[in-house]
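Written out below as structure tokens is the structure these notes cover.
The values are calculated or read from the model by the stated rules, or taken from the named source; none is laboratory data. For clarity, every value in this text was computed on a predicted model and none was experimentally measured. When we count neighbours, we look across all protein chains shown, and the Cβ atoms used for this are built from the backbone with ideal geometry, even at glycine. Heads up: the accessible areas ignore ligands, DNA and RNA and are worked out on the full protein's heavy atoms, side chains in. Shrake-Rupley method; radii C 1.70, N 1.55, O 1.52, S 1.80 Å.
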Amino acid sequence: MPVLSPTWTDERIELLKQHFEAGLSCREIAADIGVSRNAVIGKLSRLNLTRGRTVDERKVQDKSSARARRAVPRLQYAMLATIYGEADAPVIAGPIEEANRCSLLELSENRCRWPISTPGEDDFCFCGNTAPDGQPYCTGHSRLAYRPHARARVMRG
């Protein structure tokens with residue numbers, strides 16, 4: 001039976017500390033020492049060596065992630081503006097035409113994909129009305145799927 005050498009020799013631990021202090025990433029340290037990245041992360045944890053972020057760095061990162069979260073609804077509002085024309089134009093809420101219903105096999109790129117009924121039922125189908133370019137739903141079902149005023153109220157709290 002062969003004798004296995006220990007993964008963390010005193011020499012490897014010294015290299016680990018030197019590379020860590022030099023600012024190398026865990027991947028780079030692992031490649032140089034000859035162990036896995038997870039082994040490096042585990043050993044750094046057991047040695048209590050961390051690269052803690054300062055409070056200022058955390059605040060900057062938290063603000064940037066908050067900006068990214070706020071940008072998503074703006075994209076949805078832009079999409080609604082393309083569906084309804086102008087953003088300030090009143091939305092006409094009328095009945096949704098039911099004459100164009102279709103099966104999954106009949107769906108095409110410019111047809112509304114709003115499901116009607118429950119999948120697996122005999123009467124299951126899709127709306128099938130004409131959808132604006134690049135949109136998954138017709139104008140009527142877009143009003144149901146994307147409600148900008150309700151989202152604005154939720155975001156404001």
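The apolar share of the surface of region 1-44, taken as the fraction of accessible area on carbon and sulfur atoms (1.4 Å probe, ligands and nucleic acids excluded), comes to 53 percent. Annotation: amide H-H contacts under 5 Å for Arg111 (H modelled 1.01 Å from N, sequence separation of 5 or more, or interchain): Ala131. Available extension along the chain between Thr82 and Ile116 is 9.8 nm, counting 0.36 nm per residue and deducting the alpha carbon span. For region 37-46, backbone phi angles converted through the Karplus equation (6.51, -1.76, 1.60; θ = phi - 60°) give residue-by-residue couplings of 4, 5, 5, 5, 4, x, 5, 4, 5, 5 Hz, Gly and Pro being listed as x. Amide H to amide H, with H built 1.01 Å from N, Ile116 comes under 5 Å of Cys125, Phe126, Cys127, counting only residues 5 or more places away or on other chains. Highest mean packing first, where packing is the average number of other Cβ atoms within 10 Å per residue, the peptides 8-16, 101-109 line up as 8-16, 101-109.
Length available on full extension from Gln18 to Asp133: 0.36 nm per residue minus the Cα-Cα distance, which gives 35.7 nm.
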